[in-house]
Each structure stands twice: as structure tokens, then as C-alpha cells.
Amino acid sequence: MENIQRNAQELPLLVLASSSPRRQELIHRLGLPVEIETSDVEERVEADWTPAQTVEQLARKKAEAVVAERQTRQVQGLVIGADTIVALEEQILGKPTDETDALRMLKMLQGRAHDVYTGIACMDMNSGNVLVRHRRTRVWMRQRTDEQLLSYIATGEPLDKAGAYGIQGRGSTLVERIDGCYFNVVGLSVSLLAEMLESFGIETP
């Protein structure tokens, strides 16, 4: 294909609008040059938004914030924003406010199935083209005692994770099985992002 043969220097530079070490690690799996630029935006959610709308809108806001900042410096790039939430029967669970909140969330999730949504927004500053999509993964949690949950919370891992657990860390012991993209639960569906980048003429290896 013509896109594969194009010189890499002619393609827009990928810019990940995220401070998440997990997303930074995952985007490097694409094997493409990428810059990291953090995005600090208020993650305000409208009451009538569905989980899918929520992650898409928040991903877009994160990308827009970095686009605006890069415009002031007059530098181009294809900016990528992402956001992940946990939804239990359409009830959105974000990051816990403290250990008590983390325990509340984990007790809600244990022994049940929930959905993890990750939204991805791609904005090409050169062409102005924008693409926003999301992916959903179904996750089933094991039944755990309060003592086991408190022991996990004491590690500190749940406090910066949507739904109060990290599937890529010690939280993996809480997960019975999943249906869908594993990396989507970690925070960035690499396969979905690769599909989206094809729309911008960027082929992954």
C-alpha cells in the first residue's frame, strides 16, 4: 500500500495526551515515534451521558487541551487523548477518592460482571481531522472477603485506578475472566488505536 511506503517523516507525529504510565507503555507497542504531553482537564461528566459518551467526551477534551497548548507553540502533531471508566449496570465508577471509597467500589464489583469502557480521540492538527471512538470489555470479578479487599487496598494500587483496581497489577487476582480486549481494561486498546490511525494514513508495523 502507498501508506506503508510513505516516508515516516511525512506522517504526523503522534502525541499522547496522557500522564498515565500504563498508556505510555501501551502506545509504544505500536512501534511508532511518539511524544508524551500531559493534559490537565476537569473531568466533568453530564448526568445524562452514557458510559460510552462519557469516555469519548473526556478523551476528546484531553486531546483538545493538548492541541490548544501546541497551537500556542506553533507545533503540529496527531494528538491522542484517552479515558477509561468502569460501569456497573450503567453506573459509572471513576477513581476512588480515598481508601473507604475504594472498598465501597470493590465490594460493589465482587462476584459480579461489569464493563470497562475506554474512549480514544485522535486529532490531526495539520488536516483538522478528528476521530473519536470507544471500546468496551466485559469483566467478571471473584468473590473476596473484606480482609482480602483491604489487604489489596493497602498496597495503594487501587487509588488511581477507575473502579479501584488495576488488572495489570495485583488487581489481576480479583479478576475471574474477561470478554474483550485486555489492553482496553489497562487503559488503551492498542488494536482500536491502530485501526483509527489507519484513517490518518498511518500503518502500524
May I ask you to derive the FRET efficiency for Ala47 and Ser19 from their Cβ-Cβ distance with R0 = 30 Å, giving the value to the nearest 0.05?
0.65
For Leu58, what is the net charge nearby, where nearby means another residue's Cβ is under 14 Å from its Cβ and Lys, Arg count +1, Asp, Glu -1?
0
Any idea what the dipole of the chain comes to, in debye rounded to 20, about its Cα centre with Lys/Arg Cβ at +1 and Asp/Glu Cβ at -1?
420
Interatomic Cα distance distribution for the stretch 121-205, bins of 5 angstrom, percent
3, 12, 20, 17, 14, 10, 10, 7, 4, 2, 0
Computed about the Cα centre, the charge dipole of the stretch 115-205 from +1 Lys/Arg and -1 Asp/Glu charges at the Cβ has a magnitude in debye, to the nearest 20, of 240
Rounded to one decimal in Å, the inverse mean reciprocal Cα-Cα distance for the stretch 1-133, i.e. its Kirkwood radius, is 16.4
Run the accessible area of the chain with a 1.4 Å probe and give the carbon-and-sulfur part as a rounded percent.
44
Any idea of the accessible area per residue across the stretch 73-130, 1.4 Å probe, to the nearest Å²?
43
Helix 99-109 sits off the longest principal axis of the Cα atoms of the chain, rounded to the nearest 10 on a 0 to 90 degree scale, by 90
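The values are calculated or read from the model by the stated rules, or taken from the named source; none is laboratory data. As the structure is a computational prediction, the values presented were derived from the model and not from experiment. For neighbour counting, all protein chains shown are included, and Cβ atoms are generated from backbone atoms with ideal geometry for every residue, glycine included. Note: areas computed on protein heavy atoms with side chains; ligands, DNA, RNA excluded. Shrake-Rupley method; radii C 1.70, N 1.55, O 1.52, S 1.80 Å.
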